[in-house]
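The structure appears below as structure tokens.
The values are calculated or read from the model by the stated rules, or taken from the named source; none is laboratory data. Quantities reported herein were computed from a predicted structural model and do not represent experimental measurements. When we count neighbours, we look across all protein chains shown, and the Cβ atoms used for this are built from the backbone with ideal geometry, even at glycine.
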């Protein structure tokens, strides 16, 4: 693999125009849809905060699987959106409020901004040939339409990675800590950094700086509602069943979810992840002067967590995505890029589409592992869209139900094996990319050379 581009490109007019167009597309299409299954819990946060205050959130909300900074941001932006719409209404501009769900649009603004920041930083540091993989990436758009908070964490993680390369260690610690305050994933990077830092004082300084935003964000709940905070965050994740794209969901799906509650399946991921992670920690080191080593650690530590986690939702690939494209964008072989694109399509589009859409068209139920319950797929789908998009979806469902029922019925009936196959394809692709980045493509190069040598020898012998 070639070294990355360390020069900072100037932003030309063409790139500015592309980013602005993409920004408007994100905002212009973002309000149309979100994942209603998750959004209904987000909306409940606002009701709880209005009635019981923010400190009552973990006690009274049904589900808060995030650190406090995430619900705090959502509730604050949601309430701001309500006040803005109320002001517009009082000023008599009610006509412009009709066609668009502005609250849904406004609450997505921080997610869109986070995605644009990540893309801009990648462009600034690596150039458009890498940044375009971010801006045009399927997971980036699906996470906006579904509405997930992962881009907030990813933005601070990317900023932290480049701060490390610039040897702004304290800044990196603080940024990674901010990312962990939204979602704990940046904790995976900390042992690699501590391994690199020399001296006890520098290690302690990093830990304290990293912990500062975490402690400040959870301090009110530590003082007033510690039990509910731990139960709704750590307790929830510990007790979750194998879900979605996880390898450990394969036996659950094939058995029609009879093994979802199996304790062995629910715990097997821990030694597998811990073993692979400790091996990586032993083998890899961060060199603050070598951008490749930084990106490799960030990519592989998060990839291992995605692959061996008992919960693997489609948006989780975003954790590794900015660091993966750092290597993918400069890969000369089209086969590696194709494999990467296929894995994003399978994980972000194909699996969730085949899980929900046939069931929605046929008005059947889908199993949500998180709640160990069956839900009406059609209701979840309808409630996820707004305005003209809901009308279009209803017409598409009616048309496909009339003409394509046999095919959809087959897909729905056989999703056990279709879903298990897609999970295997997705995780196998990610595992291949893990090995590929780990050894800098050396093993693959050797295989290619042997195949080429064998083919050349056969051609030479046949010509003689």
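For residues in segment 361-391 being in contact with a strand residue (DSSP E or B) (Cβ under 8 Å, 6 or more places away or on another chain) and assigned to a helix (DSSP H, G or I), which is surrounded by the fewest Cβ atoms within 10 Å (Cβ to Cβ)?
Once the filter is applied, the top-ranked residue is 389.
Can you confirm whether residue 409 is under 28 Å from the mean Cα position of the chain (by Cα) and either surrounded by 14 or more Cβ atoms within 10 Å (Cβ to Cβ) or modelled with pLDDT of 90 or more (or both)?
No: the conditions fail for residue 409.
A quick yes/no check of all residues on (1) surrounded by 15 or more Cβ atoms within 10 Å (Cβ to Cβ); (2) at pLDDT 90 or above; (3) assigned to a helix (DSSP H, G or I):
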| site | (1), (2), (3) |
| --- | --- |
| 1 | yes, no, no |
| 8 | no, no, no |
| 11 | no, no, no |
| 16 | no, no, yes |
| 40 | no, yes, yes |
| 59 | yes, yes, yes |
| 63 | yes, yes, no |
| 80 | no, yes, yes |
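Quick one: in segment 304-357, which of the residues that are in a loop (DSSP other than H, G, I, E, B) and within 20 Å of residue 127 (Cα to Cα) is modelled with the lowest pLDDT?
Per the criteria, the residue is 333.
For segment 97-170, which helices (runs of 4 or more DSSP H) that fit wholly inside it have 3 or more residues that are touching a helix residue (DSSP H, G or I) at 6+ places or on another chain (Cβ under 8 Å) and surrounded by fewer than 20 Cβ atoms within 10 Å (Cβ to Cβ)?
102-107, 109-126, 138-146
With respect to residue 275, determine if the residue is over 26 Å from residue 159 (Cα atoms), touching a residue at least 24 places away in the same chain (Cβ under 8 Å) and surrounded by fewer than 23 Cβ atoms within 10 Å (Cβ to Cβ).
For residue 275, the condition - over 26 Å from residue 159 (Cα atoms), touching a residue at least 24 places away in the same chain (Cβ under 8 Å) and surrounded by fewer than 23 Cβ atoms within 10 Å (Cβ to Cβ) - is not met.
Per-residue answers, yes or no, for (1) in a helix (DSSP H, G or I); (2) surrounded by 13 or more Cβ atoms within 10 Å (Cβ to Cβ); (3) in contact (Cβ under 8 Å) with a residue 24 or more places away in the chain:
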position	(1), (2), (3)
213	yes, yes, yes
219	yes, no, no
228	yes, yes, yes
231	yes, yes, yes
234	yes, no, no
251	yes, yes, no
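Among 202, 239, which is modelled with pLDDT of 90 or more and either touching a helix residue (DSSP H, G or I) at 6+ places or on another chain (Cβ under 9 Å) or surrounded by 15 or more Cβ atoms within 10 Å (Cβ to Cβ) (or both)?
202
Could you list, in sequence order, all residues of segment 278-288 that are in a helix (DSSP H, G or I) and surrounded by 15 or more Cβ atoms within 10 Å (Cβ to Cβ)?
Hits for segment 278-288 are 280, 281.
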